[in-house]
Amino acid sequence: MGPLDGIKVLELGQLIAGPFCTRIMGEFGAQVIKIESPRGGDPLRKWRKLYQDKSLWWLLQARNKKSVTVDLKNPRGQEIVRKLAEEADIVVENFRPGSMEKWGLGYEELSKVNPGLIMVRLSGYGQTGPYRDRPGFGSIGEAMGGLRYVTGYPDRAPVRVGISLGDAIASLYGVIGALMALRQRDVNGGIGQIVDVALYEAVFSFMESMVPEYDMFKFVRERTGSTLPGIAPSNSYLTKDGKFVVIGANGDSIFKRMMQAIGRSDLADDPELVHNDGRAKRSDELDEIIGNWCSQHDLKHVLETLENADVPSGKIFDVVDIVNDIHYKARDMIQEQKLSGGETLLVPGIVPKLSKNPGQTLWLGPDLGEHTDEVLGSLGLSDEELKSLKQSGVI
């Protein structure tokens, strides 16, 4: 049994933020019912690389979920969703604020029949405020939250991280908020509440000391490439064989060990470099010295030298490195799953790792509407009613 076994989750979202939130819940035992439009379903089904007309991302994002097709814009479809919400512990949605209310599915409406319901609402700007009605994707959240401005090199335009990071961060806050609300409900009276997650706020919460530094010193953090501003030495360096290695020698004792390991005892004993504030002033000099040393040796030698000196370092992994890495495999972070046709597919393992109730992959993303009859039949709808709803396009 998973730690969330017995928790029923109704997912009304699509694409990334909402579905990633419920994916995590489903990995740890929650029963996740995903509501999709009868006309094509979640657009993520067609995103990125497709195999036999199915998105491989979809197979991962929708694992352990049951797909039920319902037209949320149809009054009969809305009634079905209200019945499902009566039995749910959590509803997750990531439509533009006001959409759920327009369909008669807002929290005020649903909580009348289910006072213990928790509704996780993920949106670009949150459910209140002057920007609430604006459309917002993760990329916009990353921009407004401050992340894009500090990402890249100072002589070029800001760049994006290579994944939809803003959506993922918001999803994690959605899970955290839902679990806190469940705890509050079950301990203090059985009443649910709304968990309001704005994508820009989720990103903003990751921006370290940016605001107090500006308030105190009017300091505006700028793009610094691959370095870690104000913390030295910490950077990526090119080795003789054309590989990139990340080295974090920014701890006082670590820095000393590294300088000794690369034959620069003079720097290890330099009183100006004993602490980070002194090293930060000479960060360019230190980067050049470390970069020159790395350029004279291949990656294997660099990593072995630094590992022997107990200096945090590592190759920058691409996906080939990841799927062949012994540590990933030892910790079950690369799992093999079977597709419906019998083919095997590698998928990421599950995070975090619980010692007694670990998460698991029960099945990969389902076909559109694969569980409609099963789920709606459990509400008491007869075969004739289901047939009628299908003919009218409600499901």
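The values are calculated or read from the model by the stated rules, or taken from the named source; none is laboratory data. Predicted, not measured: the structure shown is a model, and the values here were computed from it. When we count neighbours, we look across all protein chains shown, and the Cβ atoms used for this are built from the backbone with ideal geometry, even at glycine. The protein model used for the area step is the full one, side chains on, heavy atoms only, and it has no ligands, DNA or RNA in it. Shrake-Rupley method; radii C 1.70, N 1.55, O 1.52, S 1.80 Å.
Looking only at the stretch 123-164, how many residues end up being touching a Phe, Trp or Tyr at 6+ places or on another chain (Cβ under 9 Å) and closer than 13 Å to Leu199 by Cβ? Can you show your working first?
To start, the set of residues in the stretch 123-164 that are touching a Phe, Trp or Tyr at 6+ places or on another chain (Cβ under 9 Å) comprises 123-126, 131-134, 136, 140-147, 158-159, 164.
Filter again for closer than 13 Å to Leu199 by Cβ, leaving 123-126, 131-132, 134, 136, 140-147, 164.
Looking only at that region, the number is 17.
Name the one entry in Met258, Met210 that is within 27 Å of Asp298 (Cα to Cα) and open to solvent by less than 80 Å² (accessible area, probe 1.4 Å). Step through it out loud before you land on a result.
Working: Met210 fails: within 27 Å of Asp298 (Cα to Cα).
Testing whether each residue is within 27 Å of Asp298 (Cα to Cα) and open to solvent by less than 80 Å² (accessible area, probe 1.4 Å) leaves just Met258.
Counting only residues that are small (Gly, Ala, Ser) and more than 12 Å from the chain's Cα centre (by Cα), which one in the stretch 1-31 is farthest from Leu84 (Cα to Cα)?
Going through the stretch 1-31, the residues small (Gly, Ala, Ser) turn out to be 2, 6, 13, 17-18, 26, 29-30.
Keeping just the survivors that are more than 12 Å from the chain's Cα centre (by Cα) gives 2, 6, 13, 26, 29-30.
Details: Gly2: 22, Gly6: 15, Gly13: 15, Gly26: 17, Gly29: 18, Ala30: 15 Å.
It comes out as Gly2.
Could you check Val211 against (1) part of a helix (DSSP H, G or I); (2) closer than 16 Å to Asn292 by Cβ and say which number it fails?
(2)
Look through the stretch 158-169, keep the residues that are among the small types (Gly, Ala, Ser) and at pLDDT 95 or above, and return whichever of them is least open to solvent (accessible area, probe 1.4 Å). Spell out how you get there, then give the answer.
Kept after step one, since they are among the small types (Gly, Ala, Ser), are these residues of the stretch 158-169: 162, 164, 166, 168.
Cutting the leftovers down to at pLDDT 95 or above gives us 166, 168.
Working: Gly166: 1, Ala168: 23 Å².
The extreme case among them is Gly166.
Give the residues of the stretch 261-291 that are assigned to a loop (DSSP other than H, G, I, E, B), under 19 Å from His301 (Cα atoms) and of a type in the set (A, V, I, L, M), sorted by residue number. Break it down stepwise before answering.
Keep residues of the stretch 261-291 that are assigned to a loop (DSSP other than H, G, I, E, B), which gives 262-264, 269-270, 274-275, 282.
Narrowing the set further to residues that are under 19 Å from His301 (Cα atoms) leaves 262-264.
Result: Ile262, single match.
May I ask you to list pairs of residues, at least six apart or on different chains, whose Cβ atoms are under 9 Å apart, with the first in the stretch 172-197 being touching a residue at least 40 places away in the same chain (Cβ under 8 Å) and the second being among the charged types (D, E, K, R) and open to solvent by 20 Å² or more (accessible area, probe 1.4 Å)?
Listed pairs, sorted by first residue: Gly177/Asp196; Ala178/Asp89; Leu182/Asp89; Arg185/Asp89; Ile191/Arg185; Gly192/Asp89; Gly192/Arg185; Gln193/Arg185.
I'd like to check something: does the stretch 278-290 contain any residue that is over 15 Å from Thr227 (Cα atoms), open to solvent by 80 Å² or more (accessible area, probe 1.4 Å), more than 32 Å from the chain's Cα centre (by Cα) and not aromatic (Phe, Trp, Tyr)? Working first, answer last.
We begin by selecting, within the stretch 278-290, every residue over 15 Å from Thr227 (Cα atoms); these are 278.
From what's left, open to solvent by 80 Å² or more (accessible area, probe 1.4 Å): none.
Within the stretch 278-290 (the criterion being over 15 Å from Thr227 (Cα atoms), open to solvent by 80 Å² or more (accessible area, probe 1.4 Å), more than 32 Å from the chain's Cα centre (by Cα) and not aromatic (Phe, Trp, Tyr)), the answer is no, since none of the residues qualifies.
Can you tell me which residue among Leu267, Leu303, Leu273 is open to solvent by less than 80 Å² (accessible area, probe 1.4 Å) and touching a residue at least 40 places away in the same chain (Cβ under 8 Å)?
Working: Leu267 fails: touching a residue at least 40 places away in the same chain (Cβ under 8 Å); Leu273 fails: touching a residue at least 40 places away in the same chain (Cβ under 8 Å).
Within the list Leu267, Leu303, Leu273, the selection yields Leu303.
Determine whether the stretch 110-124 contains at least one residue that is within 27 Å of Tyr214 (Cβ to Cβ), surrounded by 18 or more Cβ atoms within 10 Å (Cβ to Cβ) and in contact (Cβ under 8 Å) with a residue 24 or more places away in the chain. Steps first, please.
Taking the stretch 110-124 as the starting set, the residues that turn out to be within 27 Å of Tyr214 (Cβ to Cβ) are 123-124.
Next, only the ones that are surrounded by 18 or more Cβ atoms within 10 Å (Cβ to Cβ) stay: 123-124.
Checking the rest, the ones that are also in contact (Cβ under 8 Å) with a residue 24 or more places away in the chain come to 123-124.
Yes, that holds for at least one residue.
Given the criterion in a helix (DSSP H, G or I) and either surrounded by fewer than 16 Cβ atoms within 10 Å (Cβ to Cβ) or of a type in the set (A, V, I, L, M) (or both), identify the matching residue among Ile247, Ile322.
Values: Ile247 fails: in a helix (DSSP H, G or I).
Just one listed residue meets the conditions, Ile322.
Please work out which one of (1) under 27 Å from the mean Cα position of the chain (by Cα); (2) in a helix (DSSP H, G or I) is the condition Ile80 fails and give its number.
(1)
If I filter the stretch 85-106 for residues that are open to solvent by 10 Å² or more (accessible area, probe 1.4 Å), in contact with a Phe, Trp or Tyr (Cβ under 7 Å, 6 or more places away or on another chain) and part of a loop (DSSP other than H, G, I, E, B), do I get at least one hit?
Checked against the condition, which is being open to solvent by 10 Å² or more (accessible area, probe 1.4 Å), in contact with a Phe, Trp or Tyr (Cβ under 7 Å, 6 or more places away or on another chain) and part of a loop (DSSP other than H, G, I, E, B), the stretch 85-106 yields no hits at all.
Using the structure shown, decide if Glu374 is among the acidic types (Asp, Glu), part of a helix (DSSP H, G or I), out of contact with any Cys (no Cβ under 8 Å at 6 or more places or on another chain) and free of Cβ contacts under 8 Å to residues at least 24 places away in the same chain.
On the way: among the acidic types (Asp, Glu): yes; part of a helix (DSSP H, G or I): yes; out of contact with any Cys (no Cβ under 8 Å at 6 or more places or on another chain): yes; free of Cβ contacts under 8 Å to residues at least 24 places away in the same chain: no.
For Glu374, the condition - among the acidic types (Asp, Glu), part of a helix (DSSP H, G or I), out of contact with any Cys (no Cβ under 8 Å at 6 or more places or on another chain) and free of Cβ contacts under 8 Å to residues at least 24 places away in the same chain - is not met.
Can Tyr131 be described as part of a loop (DSSP other than H, G, I, E, B), under 22 Å from the mean Cα position of the chain (by Cα) and hydroxyl-bearing (Ser, Thr, Tyr)?
Numbers: part of a loop (DSSP other than H, G, I, E, B): yes; under 22 Å from the mean Cα position of the chain (by Cα): no; hydroxyl-bearing (Ser, Thr, Tyr): yes.
Taking the combined requirement at face value, the residue does not satisfy it.
Of all residues in the stretch 358-374, which are surrounded by fewer than 16 Cβ atoms within 10 Å (Cβ to Cβ), of a type in the set (A, V, I, L, M, F, W, C) and either touching a Leu at 6+ places or on another chain (Cβ under 9 Å) or within 18 Å of Gly41 (Cα to Cα) (or both)?
Scanning the stretch 358-374 gives no hits.
Report, by residue number, each residue of the stretch 306-319 that is among the charged types (D, E, K, R), touching a strand residue (DSSP E or B) at 6+ places or on another chain (Cβ under 9 Å) and either without any contact (Cβ under 8 Å) to a residue 40 or more places away in the chain or surrounded by fewer than 14 Cβ atoms within 10 Å (Cβ to Cβ) (or both).
Glu307
Specify which of the listed residues (Ile254, Ile231, Ile290) is over 30 Å from Arg121 (Cβ atoms), among the β-branched types (Val, Ile, Thr) and touching a Phe, Trp or Tyr at 6+ places or on another chain (Cβ under 7 Å). Let's see the steps before the verdict.
Details: Ile254 fails: touching a Phe, Trp or Tyr at 6+ places or on another chain (Cβ under 7 Å); Ile231 fails: touching a Phe, Trp or Tyr at 6+ places or on another chain (Cβ under 7 Å).
Only one candidate passes the filter, namely Ile290.
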